[in-house]
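The values are calculated or read from the model by the stated rules, or taken from the named source; none is laboratory data. Just so it is clear, the structure is predicted and the values come from calculations on it, not from any experiment. Ideal geometry is used to build each Cβ from the backbone, glycine not excepted, and the neighbour counts take in all protein chains shown. For the accessible areas, the whole protein counts, side chains as well, though only heavy atoms, and no ligand, DNA or RNA atoms are used. Shrake-Rupley method; radii C 1.70, N 1.55, O 1.52, S 1.80 Å.
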Amino acid sequence: MAFQFMPGATAVGITYNDGVLLAAEKRVSYGNFVVNKNTKKTFNVTDHVGAACAGMVADMQVLVRQVSALSKIRKLETRRNVEPNSVAKLMSVIMFERRYFPLLTQVVVGGVTTGKPEIYTLDPLGSVLPDRYAAVGTGAEMALGVMDAEFTENMDEEKATNLALKSIRSSIQRDSASGDGIDILIINKNGKSENSYPVQ
């Protein structure tokens, strides 16, 4: 019974030739009720790593705040940027430690540092799944259908952006818990950029 009131969402992550792209729509719903139409579900974790979420936004905000602080401490200790896989593993440990009172959020983590672009998917219990592209949330099936058909290795930034928009727009068409605009966070070796796009 409680699961019918779980918040829905769609978030995707895509690797391309120079970096990673994280995108999410803006709607927060609770059962049949749309709570908010302008919620940001893409997050800056470090200077080179970002995340997008589906599920409880409050849980994700707490998780990002905690991981961001621990990553800053780690960077001060090692005097190096924290790698995306280290950020994903740190999130995984925190989520697994809370498995009896889980953070009800699915996460896509992505970033670029010394190596090539990386994306990881995490579930509420902390599983870490590496991939070249990923989608989470109630609209993930529709988004993955588009990405499976159209993703190619070493796309440029424009193609990756268009693919992310197309995949989220297709999920918005069929998932009532997703909608009201799309936020995109792009991370590459030159830095980060954020943009918002309409549903159509």
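Some notes on this structure:
- Charge dipole of segment 31-141 about the Cα centre (unit charges at C-beta), most positive-ward option of Phe96, Phe33, Leu63: Leu63
- Surface composition of segment 7-100: carbon and sulfur make up 51 percent of the accessible area, probe 1.4 Å.
- Protein heavy-atom accessible surface, 1.4 Å probe, per residue over segment 48-171: 51 Å².
- Just the protein heavy atoms count here, and of the accessible area of segment 103-200 at 1.4 Å, carbon and sulfur take up 49 percent.
- Lys192-Arg65 pseudo-label distance in nm [points 7 Å out on the Cα-to-Cβ vector]: 1.7
- In a simple Cβ point-charge model (Lys, Arg +1; Asp, Glu -1; nothing else charged), segment 143-184 has a dipole of about 220 debye relative to its Cα centre.
- Dipole magnitude (debye, nearest 20) for the chain, charges at Cβ of Lys, Arg, Asp, Glu: 620
- Protein-only accessible surface at a 1.4 angstrom probe places the residues Tyr100, Tyr16 in the order Tyr100, Tyr16, largest first.
- Between the listed residues Ser170, Thr42, Asn17, the Cα displaced farthest toward the positive end of the dipole of the chain, a dipole computed from Cβ unit charges relative to the Cα centre, is found at Thr42.
- Ordered from highest to lowest accessible area with the whole protein assembly present and a 1.4 Å probe, Arg132, Arg27, Arg99 read as Arg132, Arg99, Arg27.
- Contour minus Cα-Cα distance for Thr152 and Ser176 (0.36 nm per residue): 5.8 nm
- Selected from Ile184, Ile14, Ile94 as most flexible by GNM, with the chain as the system and alpha-carbon contacts under 10 Å: Ile94
- When each full DSSP H helix of the chain is screened for a Cα extent of at least 18 Å along its own axis and an average Kyte-Doolittle hydropathy of at least 0.0, the helices passing are 57-78, 84-97.
- Only protein heavy atoms count here; under a 1.4 Å probe, Glu158 has an accessible surface of about 130 Å².
- Mean Cα-pair separation over length for the chain, i.e. relative contact order, pairs under 8 Å, 6 or more apart, %: 31
- Approximate spin-label separation Arg132-Leu76, in nm, with each point projected 7 Å along Cα-to-Cβ: 4.0
- Net length available on complete extension from Arg99 to Glu141 is 12.6 nm, with 0.36 nm assigned per residue and the Cα-Cα distance removed.
- Karplus-based coupling profile of segment 9-23, in residue order and whole Hz: 4, 9, 9, 10, x, 9, 8, 9, 4, 10, x, 10, 10, 10, 9, with θ = phi - 60° in 6.51 cos²θ - 1.76 cosθ + 1.60 and x standing for Gly or Pro.
- Only protein heavy atoms count here; on that basis, with a 1.4 Å probe, Lys26 has an accessible area of about 30 Å².
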